[in-house]
Amino acid sequence: MAFPNKKELKKLRDALDKAEPSYLLPEHATQIDKLKYILCQKFVVYIQKHKITQVELAKRLNMDTARLNEIVKYKINLFTADKLIEFAQRLDPNLEICVA
């Protein structure tokens with residue numbers, strides 16, 4: 001999964017401005033913020049792909065529902081990269097992080 005380009009990010013920002021509040025990645029985000037954003041995105045994709053609710057996923061992961069909601073709302077400022085990786089490994093025990 002590649003990081004979105006500037007055009008895609010602008011399109012996402014415009015769409016999200018009209019949606020229920022989610023945090024957007026700043027235009028000049030750090031590499032750590034980009035990593036945390038991508039990790040949060042994995043949870044959103046998982047929920048959509050498996051057609052389950054946040055409550056169901058939180059139960060499966062033995063995680064507080066409010067904490068999961070913060071992840072799917074991309075509140076990356078509330079998490080360290082380590083913590084998001086830990087949660088993502090619960091989602092996918094075979095998760096591999098590649099640095100390019």
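The values are calculated or read from the model by the stated rules, or taken from the named source; none is laboratory data. For clarity, every value in this text was computed on a predicted model and none was experimentally measured. Backbone-built Cβ (ideal geometry, glycine too); neighbour counts: all protein chains shown.
Annotations for the structure displayed:
- Residue count for the range 57-71 satisfying the condition of being within 18 Å of Tyr37 (Cα to Cα) and buried (at least 18 other Cβ atoms within 10 Å of the Cβ): 2.
This table checks each residue for (1) closer than 13 Å to Phe87 by Cα; (2) among the polar types (S, T, N, Q); (3) touching a Gly at 6+ places or on another chain (Cβ under 6 Å).
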| residue | (1), (2), (3) |
| --- | --- |
| Leu25 | no, no, no |
| Leu39 | yes, no, no |
| Thr53 | no, yes, no |
| Leu61 | yes, no, no |
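- Restricted to the range 58-100, and to residues there that are outside any helix (DSSP H, G or I) and either in contact with a Pro (Cβ under 7 Å, 6 or more places away or on another chain) or of a type in the set (Lys, Arg) (or both), the residue that is nearest to Val45 (Cα to Cα) is Lys73.
- Here Arg67, Arg13 are screened, and the one residue that is modelled with pLDDT of 95 or more and over 11 Å from the mean Cα position of the chain (by Cα) is Arg67.
- Residue within the range 18-26 that is closer than 29 Å to Ala100 by Cα and touching a Cys at 6+ places or on another chain (Cβ under 6 Å) present: no
- One residue from Asp33, Asp14 being among the acidic types (Asp, Glu), farther than 23 Å from Ile97 by Cβ and in a helix (DSSP H, G or I): Asp14
- Looking across the range 70-87, just one residue is over 11 Å from the mean Cα position of the chain (by Cα) and hydroxyl-bearing (Ser, Thr, Tyr), and that is Thr80.
- Pairs are defined by a Cβ separation below 6 Å, a sequence spacing of at least 6 or placement on different chains, a first member in the range 33-50 that is more than 12 Å from Phe3 (Cβ to Cβ) and modelled with pLDDT of 95 or more, and a second member that is surrounded by 16 or more Cβ atoms within 10 Å (Cβ to Cβ) and not hydrophobic (A, V, I, L, M, F, W, C); the pairs so defined are Cys40/Tyr74.
- If the condition is being farther than 17 Å from Ala58 by Cα, of a type in the set (A, V, I, L, M) and either modelled with pLDDT under 95 or in contact with a Ser or Thr (Cβ under 8 Å, 6 or more places away or on another chain) (or both), then the range 79-96 contributes only Leu95.
- The range 40-64, residues that are of a type outside the set (S, T, N, Q), more than 13 Å from the chain's Cα centre (by Cα) and at negative phi: Lys49, His50, Ile52, Val55, Glu56, Leu57, Ala58, Lys59, Arg60, Leu61, Met63, Asp64
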